[in-house]
Amino acid sequence: MTIFGIGGEGLLRTFDHDNETYELINRAIDLGVNYFETGRSYAGSEGYYGNALRERRDSIFLAGKSHARTKGEAENHLHTTLGHLKTGHLDLWQIHDVRTSKDVKEIFGPGGAVEAFIEAKEKGDARFIGVTGHHDPAIIKKCLELFEFDTVLIPINPAEAHHRSFMREVVPHAVNKNIGIIGMKVYARGFVTKIPDVQPLDNYLRYALSHRISTAIIGCDTVSQLEENVKYAAGYYPMTEEEMQRLERIVSPYAKELMYYKS
């Protein structure tokens, strides 16, 4: 798995951009990117992949998501997802955007979505099972305690250090359980560019990759953005602790604003 992957936001979370997304997805593969993500709730994203991948499906790691909370709904989501993607299996299927104790109770209770995920893995419809969240680290930690997930997808950026930090609450727990960690919201949805003391964007990717994660996913709006991020990833070298703390200090006055998407 490459240290940079294509996230589900950006151009891929639209409708009616078949030509542009075909170019984006295939350009990413040409550049060596092999982690690609979509989600049942991501507009036309699944269809874009189905149109673009064709004979290249087997050369990538393809991750999907379901926001279903019941077994039946999750099964329906998987059937729809595989049909849109024109594939027989997902490499990773993720329980999407777990936010509340009510979500946890529904997902892991009788007839909950996790039952569909378990069956999908047993049948070979999904190679691995993951969970995602960007709202409350305590809720995601609880999910990891309730089930042996293969991966967890969480925000990794310097604003996190100041606001209900997934890096402090979830990462150590996931590392101890040997769970693969996927970083998202690396640029806090692009809001980092609005900070007066603007830092080079590659610093934010370096920051994320300097933590104990397997890959960082970024949604791209254009092929040029994709190429820029591939360049950043290719030139990556770890940040020192001092460099990370400096970036956290620069971001700290804006942390709540940057992290508003948790609400």
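The values are calculated or read from the model by the stated rules, or taken from the named source; none is laboratory data. The model shown is predicted, which means the values in this text are computed figures rather than measured ones. Counting neighbours? That spans all protein chains shown, and the Cβs are built from the backbone with ideal geometry, glycine included.
Among the residues making up segment 49-92, a single one is hydroxyl-bearing (Ser, Thr, Tyr), surrounded by 22 or more Cβ atoms within 10 Å (Cβ to Cβ) and not in a helix (DSSP H, G or I): Ser66. Restricting to segment 93-116, name every residue that is in a helix (DSSP H, G or I), in contact with a Gly (Cβ under 7 Å, 6 or more places away or on another chain) and β-branched (Val, Ile, Thr). Result: no residue meets the conditions. Kindly check whether there is at least one residue in segment 120-137 that is in a helix (DSSP H, G or I), more than 25 Å from Gly183 (Cβ to Cβ) and of a type outside the set (Val, Ile, Thr). So far as segment 120-137 goes, yes, one or more of its residues are in a helix (DSSP H, G or I), more than 25 Å from Gly183 (Cβ to Cβ) and of a type outside the set (Val, Ile, Thr). Taking segment 182-198 as the range and being among the β-branched types (Val, Ile, Thr) and out of contact with any strand residue (DSSP E or B) (no Cβ under 6 Å at 6 or more places or on another chain) as the test, the residues that pass are Val192, Thr193, Ile195, Val198. Please pick out the residue among Leu92, Leu31 that is over 22 Å from Ala116 (Cβ atoms), of a type outside the set (Val, Ile, Thr) and modelled with pLDDT of 95 or more. Of the residues listed, the single one that is over 22 Å from Ala116 (Cβ atoms), of a type outside the set (Val, Ile, Thr) and modelled with pLDDT of 95 or more is Leu31. What are the residues in segment 1-22 that are free of Cβ contacts under 8 Å to residues at least 40 places away in the same chain and part of a loop (DSSP other than H, G, I, E, B), if any? Answer for segment 1-22, where residues must be free of Cβ contacts under 8 Å to residues at least 40 places away in the same chain and part of a loop (DSSP other than H, G, I, E, B): Thr14, Phe15, Asp16, His17. If you go through segment 103-121 one residue at a time, how many are surrounded by fewer than 18 Cβ atoms within 10 Å (Cβ to Cβ), small (Gly, Ala, Ser) and under 24 Å from Leu62 (Cα atoms)? Of the residues in that region, 0 qualify. Scan segment 151-169 and tell me whether some residue there is touching a strand residue (DSSP E or B) at 6+ places or on another chain (Cβ under 8 Å), surrounded by fewer than 17 Cβ atoms within 10 Å (Cβ to Cβ) and of a type in the set (D, E, K, R). Looking for residues that are touching a strand residue (DSSP E or B) at 6+ places or on another chain (Cβ under 8 Å), surrounded by fewer than 17 Cβ atoms within 10 Å (Cβ to Cβ) and of a type in the set (D, E, K, R), one finds none in segment 151-169, hence no. Counting only residues that are within 15 Å of Pro155 (Cβ to Cβ) and over 15 Å from the mean Cα position of the chain (by Cα), segment 191-209 holds 4 of them.
Scan segment 35-48 for residues that are surrounded by fewer than 17 Cβ atoms within 10 Å (Cβ to Cβ) and polar (S, T, N, Q) and jot them down. Selection gives Ser41 alone. Of all the residues in segment 113-144, those that are modelled with pLDDT under 95 and in contact with a strand residue (DSSP E or B) (Cβ under 9 Å, 6 or more places away or on another chain) number 1. Once segment 141-171 is narrowed to residues that are among the aliphatic types (A, V, I, L, M) and within 14 Å of the chain's Cα centre (by Cα), the residue that is farthest from Phe117 (Cα to Cα) is Ile156. Scanning segment 228-247 for residues that are closer than 12 Å to Asp202 by Cα and acidic (Asp, Glu) yields one hit, Glu228.
Within segment 232-241, the set of residues being exposed (fewer than 13 other Cβ atoms within 10 Å of the Cβ) and either in contact (Cβ under 8 Å) with a residue 12 or more places away in the chain or within 19 Å of the chain's Cα centre (by Cα) (or both) comprises Gly235, Tyr237, Pro238.
If the condition is being free of Cβ contacts under 8 Å to residues at least 60 places away in the same chain, under 17 Å from Ile3 (Cβ atoms), in a helix (DSSP H, G or I) and touching a helix residue (DSSP H, G or I) at 6+ places or on another chain (Cβ under 8 Å), then segment 175-229 contributes Leu201, Asp202, Asn203, Tyr204, Arg206, Tyr207, Glu228. Residues of segment 129-150 that are surrounded by 17 or more Cβ atoms within 10 Å (Cβ to Cβ) and of a type in the set (Phe, Trp, Tyr): Phe149 alone.
Would you be able to say whether some residue in segment 94-102 is closer than 21 Å to Leu11 by Cα, crowded, with 17+ Cβ neighbours inside 10 Å and among the β-branched types (Val, Ile, Thr)? Looking for residues that are closer than 21 Å to Leu11 by Cα, crowded, with 17+ Cβ neighbours inside 10 Å and among the β-branched types (Val, Ile, Thr), one finds none in segment 94-102, hence no.
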